[in-house]
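What follows is a set of notes on a single structure, which appears directly below.
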Amino acid sequence: MQATEALDYDELASAYAQHRRTHPGVVADLLQTAAPGPGSRVLEVGCGTGNYLAAIERASGCEAWGVDPSAEMLAGARRQGLPLQLEQGRAEALPLPDGAFDLLFTVDVIHHVGDRAAYFGEAARVLKPGGLFCTVTDSEIDIERRRPLSSHFPETMPIERARYPTVATLWDELRAARFNAIDVHSACIEYDLTDIQPYRDRAFSSLHLISDDAWRDGVARLEQELALGPIRGRSLYTLIWATAPWE
């Protein structure tokens, strides 16, 4: 599949449900910064198979809502077996009431949003005045430093730089949407990778945007390195926090 082709996330849902896991640093930052509790209403936009939403609900007991355009992704989220309120819809037209949520967050979703101005307007609408907003994304430095996605599949890097908005761009767009108190946090973990099946299964969207030959070459590099022992991995995210307008 080439970079110009749209990805069908109904088709990717099975691989995502099987292989994608939460980033513990992201979960910890969401819990610490937003401090949700049993009385909180939390919304994840682009919740996919629900891993992050489920982690937040388990840790806090909050009322957890998720929105995603993919019916198959939502089916995976329902299989979490938790009291998650799930709706099919898009970020640019959230099927939810005004002023309903204390926290709205996305994880690795913002580069899929076609009209970010419309999404930020919708986010401001459904958040309570002064409610917390968080975009978890990849900065240009994150893209360069992640392993093994960038180190073993270098063809993904120019594609990722082109499709991810920069932190500065998102900052300016949030200001234009009248969000306040914008701040940037980082989350990074290093780990030993011993199972490369997610890369064989292309359980990362960027692996569908490079040529089949580049993907096969990267898998071969992983297999060769893994034969010598665990591969040192690095997973990074940038969290952009803001507060919704007060009026």
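The values are calculated or read from the model by the stated rules, or taken from the named source; none is laboratory data. Keep in mind it's a predicted model, so treat the numbers as computed, not measured. We place every Cβ from the backbone using ideal geometry, glycine too, and count neighbours over all the protein chains shown.
Couple of notes before you dig in:
- Within the range 82-102, tally of residues that are of a type in the set (A, V, I, L, M, F, W, C) and under 15 Å from the mean Cα position of the chain (by Cα): 1
- One residue from W241, W246 being closer than 30 Å to C134 by Cβ, more than 24 Å from the chain's Cα centre (by Cα) and in contact (Cβ under 8 Å) with a residue 60 or more places away in the chain: W246
- Those residues of the range 104-133 which are within 15 Å of the chain's Cα centre (by Cα), part of a strand (DSSP E or B) and over 19 Å from A176 (Cβ atoms), in sequence order: F105, V107
- Some residue of the range 231-245 being at positive phi and of a type outside the set (G, A, S): no
- Lone unmet requirement of (1) in a helix (DSSP H, G or I); (2) of a type outside the set (G, A, S); (3) more than 17 Å from P36 (Cα to Cα); (4) out of contact with any helix residue (DSSP H, G or I) (no Cβ under 7 Å at 6 or more places or on another chain) for P95: (1)
- Residue match in the range 8-18 (condition: modelled with pLDDT under 95, more than 20 Å from R78 (Cα to Cα) and not in a helix (DSSP H, G or I)): no
- Any hit, the range 215-225, residues being touching a residue at least 24 places away in the same chain (Cβ under 8 Å), polar (S, T, N, Q) and part of a helix (DSSP H, G or I): no
Okay, residues lined up against (1) modelled with pLDDT under 90; (2) surrounded by fewer than 21 Cβ atoms within 10 Å (Cβ to Cβ):
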residue	(1), (2)
Q2	yes, yes
V27	no, yes
E57	no, no
S60	no, yes
L96	no, yes
L103	no, no
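- Filtered by the rule that a residue be in a helix (DSSP H, G or I) and of a type in the set (D, E, K, R), the range 171-199 gives D172, E173, R175.
- Residue match in the range 210-230 (condition: over 18 Å from the mean Cα position of the chain (by Cα) and within 22 Å of A28 (Cα to Cα)): no
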